[in-house]
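S.K.: I'd like to ask you about the structure that follows.
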Amino acid sequence: MLDLTHPPAKLAALPATVTDPPYAAQILTVLAWVLELAPTVPVTQAGLDDALRTAAAGIVGHRPAVVAESATLRARAELDPITNITRAEYALRLRATAKELR
């Protein structure tokens, strides 16, 4: 008969990469950080694209192309439409979205 007093910890045997957030969530978090480097500047499509490229290069730039492209496309699909807001406000939205992807 099994001793069920102390059930085994299921996550203890998993490698660390299994518990890490997905690459898309990591990209969104770094994207938020990049945008906050100029927090009062309004968000533009060109600025967002540049920041996304920077974030993706930092997170998945060293991964195989298919992994990098898939994660970047997933992150891009989660981006909110650009409205008349600052980069700091947009960064808050990005962080909330990244948390939902975990």
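The values are calculated or read from the model by the stated rules, or taken from the named source; none is laboratory data. If you're wondering where the values come from, they're calculated on a predicted model, not measured in any experiment. Methodologically, a virtual Cβ is constructed for each residue, glycine included, from the backbone with ideal geometry; neighbour enumeration extends over all protein chains shown.
S.K.: Output the number of residues of segment 89-100 satisfying the condition of being closer than 12 Å to L48 by Cα and more than 12 Å from the chain's Cα centre (by Cα).
M.R.: If we filter segment 89-100 for residues that are closer than 12 Å to L48 by Cα, which is where we start, we get 90-91, 94.
Checking which are more than 12 Å from the chain's Cα centre (by Cα) leaves us with 90.
So the answer is 1.
S.K.: Given the conditions (1) at pLDDT 95 or above; (2) in a loop (DSSP other than H, G, I, E, B); (3) hydroxyl-bearing (S, T, Y), report the number of the one that T5 does not fulfil.
M.R.: (1)
S.K.: Right, next: Looking at (1) touching a residue at least 60 places away in the same chain (Cβ under 8 Å); (2) exposed (fewer than 14 other Cβ atoms within 10 Å of the Cβ), which one does L28 not meet, given that it meets all the others?
M.R.: (2)
S.K.: Give me the residue from segment 68-80 that is surrounded by fewer than 15 Cβ atoms within 10 Å (Cβ to Cβ) and at pLDDT 95 or above and, out of that set, nearest to T40 (Cα to Cα). Working first, answer last.
M.R.: First pass over segment 68-80, keeping only residues surrounded by fewer than 15 Cβ atoms within 10 Å (Cβ to Cβ): 69, 73, 77, 80.
Filter again for at pLDDT 95 or above, leaving 69, 73, 77.
Working: E69: 30, L73: 27, A77: 25 Å.
So the residue we want is A77.
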